[in-house]
Every structure is written in C-alpha cells, then in structure tokens.
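The next block holds one structure in the form of structure tokens; read it before the comments.
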C-alpha cells in the first residue's frame with residue numbers, strides 16, 4: 001500500500017535548440033551528415049526522486065533550470081530520453097497557464113474540451129460546471145469568448161478545471177504568478193483542503209513564501225540537476241545564497257546548453 | 001535519438017481507454033465543426049458553395065466548351081466532385097491539425113491520434129451533408145434512387161479508410177517537415193486532373209488507364225457512378241472498372257497502415273516540436 005505517488009529513476013531529457021533544428025527536407029539533403037550547429041539543451045540530467053503519497057513537494061530554481069520540464073515529464077507530456085517515471089494514481093496537470101485554451105471559443109466550450117482531455121465524461125463536466133465557474137468567479141462570462149479574458153481570468157479558469165478532476169496527484173506550475181491576492185488566498189485554501197484529503201502535490205513556484213509555508217519538502221533544481229533536497233527553510237536559504245553569489249559572479253543566461 | 005526512457009502509469013480497462021479517446025474525438029470534432037461556421041452568416045452553405053462552384057466551372061468547361069461525350073454528364077461530374085472535395089478538404093484541414101493543437105499537447109498528456117481522427121470525422125460530416133445535397137440534385141435530374149445505391153455504403157467506408165490514411169501521413173510529416181504542406185498542394189491538383197473527375201477514363205491511353213485504376217479515389221468514383229447510374233445501359237459501359245478491385249482496396253488499407261505507423265513513430269515528440 002505504500003507505493004509512492006511518483007517515482008523518477010535516472011531521468012534525463014534534452015532538447016535540440018529550436019533555431020538549429022532542420023525543418024526542411026532540403027536541409028537534410030544538402031547536409032545529410034553534417035551535425036554541426038545542433039545545440040543540445042540538457043534540460044534534465046539524471047534526476048532520481050521519490051514523492052511519497054500525501055506529500056507537498058515544492059520545486060524551486062532559477063528560470064530555465066528545468067523545473068517546468070520536470071513537471072511535464074512527470075505528467076507524461078514529454079517522454080524522457082533515459083530513465084523511468086513511475087506514476088501511481090490519477091494525475092491532474094496544471095501547466096502553462098492559459099495555454100491550450102481555444103481563444104475563439106466560449107468558457108463553456110473550453111471547460112468541455114479541457115474536462116474531456118483530463119478524463120471527465122460529459123455528465124461529470126455538466127455536474128461540475130457550476131462549481132468550476134464559481135471557483136473561477138466567471139459565472140457571468142460563461143458564454144464569452146476567451147479572447148476577451150484577462151490573463152488572470154484564464155489562470156482562474158485553468159486552475160478551477162484542474163482541481164475539479166478526481167485526482168490523487170496535482171502538478172501545479174506557477175499558479176500564483178498573475179492571480180490577484182483574493183485568488184491566491186483561494187489557492188492556498190485549496191492547498192490546505194487537498195493536504196487534509198491526503199492528496200499529493202508537486203508545486204513549482206517562485207513564490208518562496210508560499211513554498212515555505214506549505215511544503216513538506218523542497219527540491220532545488222539547477223541547470224537540470226537536482227542539487228539539493230530537504231526541509232523548506234534549509235533549501236530556500238541555500239537557493240537564495242546561490243542566486244546572490246551567481247549574480248555577482250557571472251551572467252548565467254547561456255548556462256545549461258552544451259554543444260554536441 | 002534511439003535511446004528512450006519509459007513512463008509507467010497504470011491504465012484503466014481497454015473499454016474505458018477507448019471511451020476516453022472517443023469522447024476526445026467527439027468534443028474536438030464538434031468544436032471544429034462549430035468553429036468552422038462560427039461568425040459566418042451562411043454557415044454550412046459555404047461548404048456546399050465550394051463544391052457547387054467547382055461543379056459549375058467544370059460543367060461549363062468540360063460539358064460545354066469541350067463537349068465531353070458522356071451520358072448524364074452532370075450526374076457523372078457531381079459524383080466525382082463531391083468525392084474529390086472530401087479527400088482534398090480532409091487532407092488540407094488535417095495536415096496542420098497537430099501543429100494547431102500543439103499548445104494543448106504541451107499542457108495535457110492525451111493520445112494525439114484523436115486530433116487527426118476528429119478533423120477527418122468533422123470533414124466526413126460535411127461530406128455526408130454534401131451527399132444529401134448531391135442526392136437531391138441527382139434525383140432532380142431524373143435518376144431514380146435504386147437498391148444499388150446501398151452499395152455506396154461499403155464504398156464510402158473504404159474511401160474514409162483511404163482519406164484517413166493520407167491525412168495521417170501528411171499531418172504526421174508536417175510537424176517535422178513543413179514542406180509537406182507544399183507537397184500536398186501540388187499533389188491535390190495532380191490528383192484532380194488525373195482521376196477522371198471531369199472526363200471519362202477511356203480517353204486516356206491504355207497504360208495510363210491501368211495506372212490510375214490503382215488509385216482508390218479513381219476506383220471509388222467509378223464504382224459510385226456505376227452504382228448510381230447502373231440502370232442506364234449507356235452509362236454502364238464506361239463507368240465500372242474492369243480490373244479486380246483488390247489493388248485499390250489494398251492500397252487504401254496500406255495508406256491507413258502507413259499513416260498509423262508514421263503517427264506512432266513521430267508522436268512522442270509532438271509536444272516538443274509541434
């Protein structure tokens with residue numbers, strides 16, 4: 001019964017840097033054997049991690065450190081190049097806010113589409129529609145096209161759908177970035193509820209205060225490597241120390257890219 | 001890129017997985033149909049207007065200017081145009097479909113095969129509506145509905161298999177090679193002019209007739225004409241394809257097989273590059 005919610009063993013993931021990618025047949029014919037100019041971005045390197053059931057795990061790190069890629073590999077969106085991801089139970093992803101909605105369709109249609117994709121039946125969506133709209137505070141806008149929504153409204157809609165799935169594990173990426181204070185309070189309340197219900201949460205955020213107050217454990221990801229695991233205070237202090245020394249020493253923008 | 005990690009998740013029973021996929025196909029197809037006609041006053045009529053215009057031009061050029069000597073030429077032509085339009089529309093719409101839904105693929109893990117399935121399904125719906133319109137036109141031109149029209153059902157199933165296969169091939173390739181769009185643009189014109197849509201195949205040299213008879217489109221168009229005009233002895237002589245149907249039918253299923261294989265091979269990287 002004590003299967004962990006998530007288990008990653010030696011997971012690596014790399015991308016070809018887009019501008020160097022060949023997208024035309026002609027380029028293949030012209031230089032079929034030439035592999036120069038292909039930059040590889042090692043987004044995740046040999047990550048091993050076990051997330052026990054019921055844990056609130058936060059992932060922190062600089063922009064581009066691999067946090068979001070880690071979440072997408074957990075969600076089954078990206079297939080890892082190496083290693084194994086083992087998932088026990090139903091996952092609900094809240095990743096890349098607002099992206100993936102169809103802006104030409106109404107909130108109602110988008111709830112239908114997203115609800116279906118995360119596994120709900122038509123009936124289940126109909127039953128939850130009011131709750132989703134109420135949580136997102138969008139009752140009045142249910143039949144408006146999303147192109148007229150603000151980024152905060154899109155965020156609320158996406159999060160409201162994600163938490164309505166009967167999940168065991170919730171993956172949350174930057175839910176606090178564009179919401180207002182009221183919505184943040186609401187999110188915090190759902191965190192408490194989910195924790196009380198024994199749900200597992202993997203939380204990616206730059207909001208260190210929230211990370212500090214909710215997490216059971218924090219992991220630090222730097223240049224695709226899991227560099228530290230431990231209690232929130234300890235890891236956040238370590239992270240802040242790293243950021244300060246890094247900033248005074250060197251620009252870190254192009255780190256993490258290796259040429260093949 | 002041969003090395004690959006694994007993602008292990010406990011799946012539900014097969015029936016549940018299938019139901020999940022069907023729900024996605026249905027919601028995608030419905031919203032696509034809705035989006036296609038959203039904001040346009042005439043809605044579905046536009047889908048009817050396009051093949052009608054095609055038909056009118058081809059009728060004027062080949063029926064009157066060239067005086068193609070085919071009995072029931074308007075009926076002959078309308079069958080070809082409606083079937084060709086289904087193939088051309090389905091492939092052109094499905095071709096960019098995975099790229100268009102790339103943002104959704106990056107957010108939620110779901111089977112990407114549902115995307116081309118939904119697009120071809122919504123095009124098939126338009127095709128069926130066009131068939132009703134064509135049926136009315138055929139009836140109005142004095143051809144009475146007959147039992148042999150029922151033979152159109154397995155024929156259309158075969159045609160959908162072919163259309164889906166070609167759509168899968170192009171939509172899978174397009175994610176990595178945007179050239180696929182240009183290739184299809186040229187290919188669709190070649191197909192229009194080589195498939196006996198607006199002229200009888202018998203005007204082609206013998207060897208060319210044998211080659212085009214391998215095409216599932218040619219076979220389906222010719223057979224559909226034979227079933228619809230079957231009662232007319234003048235029409236019967238040229239419509240049906242004499243060759244055994246094994247080859248075009250095999251090619252239709254081979255196209256589907258190749259499309260499914262390509263999709264399976266390419267799909268793990270769709271979220272990254274679509």
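Every number here is computed from the coordinates shown, using simple stated rules; none is lab data. Computed from a prediction, not measured in an experiment: that's the story for all the values here. Every residue, glycine among them, receives a Cβ derived from its backbone with ideal geometry; neighbour counts consider all protein chains shown.
Annotations for the structure displayed:
- Within a Gaussian network of chain B (alpha carbon springs, distance under 10 Å), most fluctuating of B:167, B:141, B:122: B:141
- Extension gain, residue A:185 back to residue A:148 (0.36 nm per residue minus Cα-Cα distance, nm): 10.8 nm
- Per residue, the average separation of C-alpha pairs within less than 8 Å and at least 6 apart gives region B:127-274 a relative contact order of 39 percent.
- The protein assembly as shown, helix-only ellipticity at 222 nm - DSSP H runs n ≥ 4, -39,500 (n - 2.57), divided by all residues, nearest 500: -17000 deg cm²/dmol
- Exposure proxy ranking, count of Cβ atoms within 10 Å, fewest first, for A:72, A:147: A:147, A:72
- Counting DSSP beta bridges with both ends in the protein assembly as shown, the antiparallel % (nearest 5): 50
- Normalised by the number of residues in region A:96-167, the mean separation of alpha-carbon contacts (under 8 Å, six or more apart) gives a relative contact order of 44 percent.
- Exposure proxy ranking, count of Cβ atoms within 10 Å, fewest first, for B:149, B:184, B:46, B:207: B:207, B:46, B:149, B:184
- Region A:178-209 and region B:169-219 have their alpha-carbon centroids 56 Å apart.
- Note: region A:187-241, Cα convex hull, 84 Å³ per residue.
- Per residue, the average separation of C-alpha pairs within less than 8 Å and at least 6 apart gives region B:20-273 a relative contact order of 27 percent.
- Degrees between helix B:246-266 axis and first principal axis of chain B (Cα, 0 to 90, nearest 10): 20
- C-alpha long axis of helix B:152-176 to longest principal axis of chain B, angle in °: 50
- Cα gyration tensor shape for region B:20-273, rounded if a/c is under 1.5, else prolate or oblate: prolate
- In plain terms, the chain from residue B:41 to residue B:253 could stretch by 72.4 nm, reckoned as 0.36 nm per residue minus the Cα-Cα distance.
- Seen through its C-alpha gyration tensor, with square-root eigenvalues sorted a ≥ b ≥ c, region B:124-226 comes out oblate because a/c lies at 1.5 or above while a/b is not bigger than b/c.
- GNM flexibility winner over chain B from B:56, B:90, B:41 (Cα, springs under 10 Å): B:41
- Principal-axis tilt of helix B:14-37 within chain B, Cα atoms, nearest 10 degrees: 60
- The residue A:39 and residue A:242 beta-carbon pair, evaluated with R₀ = 25 Å, returns a calculated FRET efficiency of approximately 0.50.
- For the protein assembly as shown, the fraction of alpha-carbon pairs in successive 10 Å shells from zero, as %: 3, 16, 23, 21, 16, 11, 7, 3, 1, 0
- For region A:57-110: rounded, prolate or oblate by the Cα gyration tensor [a/c cutoff 1.5]: prolate
- Most mobile of B:13, B:216, B:96 in a GNM of chain B (Cα contacts under 10 Å): B:13
- Each residue, residue B:206 and residue A:140, gets one label point 7 Å from its Cα in the Cβ direction; the gap between the two is 8.0 nm.
- Between residue A:192 and residue B:137, the modelled label-to-label distance comes to 6.7 nm, taking each label 7 Å out from Cα in the direction of the beta carbon.
- Extension gain from residue A:104 to residue A:90, taking 0.36 nm per residue of separation minus the Cα-Cα distance: 2.0 nm
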